[in-house]
């Protein structure tokens, strides 16, 4: 029997590091193993002297389709206790992307949901394939967001639009997110790989020290508040996971039916 493929891959080609979410059959949804691998890859990439720029991408048909809800359902009895250490790992990865003294590009396609949105928004630049579908997703399984979504989103789109996206969890396409100021560039699916490489090469050929200083200045005060906010998000997620609505939301999602939440 062949060994299972790693859930996250990290490679370096020339001056470009690439972190690839590698669970294509699950649309790269994050289970505990993928979260641990994401954190390790981000922390390695943060200090890797070979990479002057980092690209995040997803294998197969999606970037990251949120958390692996099927794995949530398998661990419902213990999930509220599991979520705090898992969130801590996810958040360490998020902070490594923000601290990295190199530009970080999210190259997204297919589906970007939940934690995938959080990871994407933690990057410095976002390039998306035409037709990519985005949703915050969290409220569909009766939980609050993690990964910094409630910190990033209001700063990107304003309070009322952020609340609409977080509470209603409607889907939006790449052009809509570009119009909101979340996505930088939209290209055809066929052009995504080439356009991402072109952007990464341009950045890799640029003044690395100046880029590092610029990123540090932009993020200096923001990252202090983000660290505290990520901790608050994890605590809120844990409280949501202990509520009966979470079990109903997760079960309904796996069963592909509409959830019926309590009216208390």
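The values are calculated or read from the model by the stated rules, or taken from the named source; none is laboratory data. Here the structure is a predicted model, which means the values were calculated and not measured. Using ideal geometry, Cβ is built from the backbone for each residue, glycine included, and neighbour counts are taken over all protein chains shown.
Of all residues in segment 1-35, those being more than 16 Å from the chain's Cα centre (by Cα), in contact (Cβ under 8 Å) with a residue 60 or more places away in the chain and assigned to a loop (DSSP other than H, G, I, E, B) number 2. Out of 239, 185, 202, one residue alone is surrounded by fewer than 18 Cβ atoms within 10 Å (Cβ to Cβ) and more than 26 Å from residue 165 (Cβ to Cβ). It is 202. Against the conditions (1) in a helix (DSSP H, G or I); (2) touching a helix residue (DSSP H, G or I) at 6+ places or on another chain (Cβ under 8 Å); (3) over 26 Å from residue 187 (Cα atoms), residue 101 satisfies every one except (1).
There is at least one residue in segment 107-117 that is at pLDDT 95 or above, assigned to a helix (DSSP H, G or I) and either touching a helix residue (DSSP H, G or I) at 6+ places or on another chain (Cβ under 7 Å) or under 14 Å from residue 246 (Cβ atoms) (or both). When restricted to residues that are touching a helix residue (DSSP H, G or I) at 6+ places or on another chain (Cβ under 6 Å), over 15 Å from residue 94 (Cα atoms) and assigned to a helix (DSSP H, G or I), segment 41-77 contains 5. For the residues 221, 191, 248, 164, the requirement of being out of contact with any strand residue (DSSP E or B) (no Cβ under 9 Å at 6 or more places or on another chain), at pLDDT 90 or above and either closer than 19 Å to residue 126 by Cβ or part of a helix (DSSP H, G or I) (or both) singles out 164.
Within segment 114-127, being without any contact (Cβ under 8 Å) to a residue 60 or more places away in the chain and either closer than 21 Å to residue 204 by Cβ or over 8 Å from the mean Cα position of the chain (by Cα) (or both) holds for 122, 126.
The residues in segment 29-40 that are surrounded by 20 or more Cβ atoms within 10 Å (Cβ to Cβ) and out of contact with any helix residue (DSSP H, G or I) (no Cβ under 6 Å at 6 or more places or on another chain) can be counted, and the count is 3.
Could you grab me the full set of residues in segment 19-28 that are more than 14 Å from residue 67 (Cα to Cα) and either buried (at least 24 other Cβ atoms within 10 Å of the Cβ) or at pLDDT below 95 (or both)? Of everything in segment 19-28, just one residue is more than 14 Å from residue 67 (Cα to Cα) and either buried (at least 24 other Cβ atoms within 10 Å of the Cβ) or at pLDDT below 95 (or both), namely 19.
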